[in-house]
Amino acid sequence: MAERIVLDAPLSWKEIAVVAKGAELALSEAAWTRIAKARAIVDALVEAAHQVFAIHPNAVKASVRSAAMASIPASAHSVT
């Protein structure tokens, strides 16, 4: 069976080489949680009909971030 690399941080050059040789690349649960949080923020911005060209996490208003976080299970809030 081929090796499996779980992505949760930038890959090392050794991990990149292993992937290049055919290893399976997968996202960690923490990575999927961060993706869900980001998606919730985007959905909240769309729902509020904000015209947005780029999103930087530090620039999102607290009210939008709070509304987005309310749509995510509390158990996922602590993942950074």
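Every read-out reported here was derived from the displayed coordinates using simple, explicitly stated rules and does not represent laboratory data. None of these values were measured; they are calculated from a predicted model. Cβ: placed from backbone, ideal geometry, glycine included. Neighbour counts: every protein chain shown.
Considering only the other residues whose Cβ falls under 14 Å of the Cβ of W32, what net charge follows from Lys and Arg at +1 and Asp and Glu at -1?
Details: positive: R34, K37, R39; negative: D8, E29.
Around W32, the surrounding residues sum to +1.
Of the listed peptides 16-27, 32-43, what is their order by residue-averaged count of other C-beta atoms within 10 Å, with the highest listed first? Display every interim value, and only then the final one.
On the way: 16-27: 12.4, 32-43: 15.4.
Highest to lowest by the protection proxy: 32-43, 16-27.
A cut-off of 5 Å between modelled amide H atoms, ignoring neighbours fewer than 5 places along the same chain, links L27 with L7.
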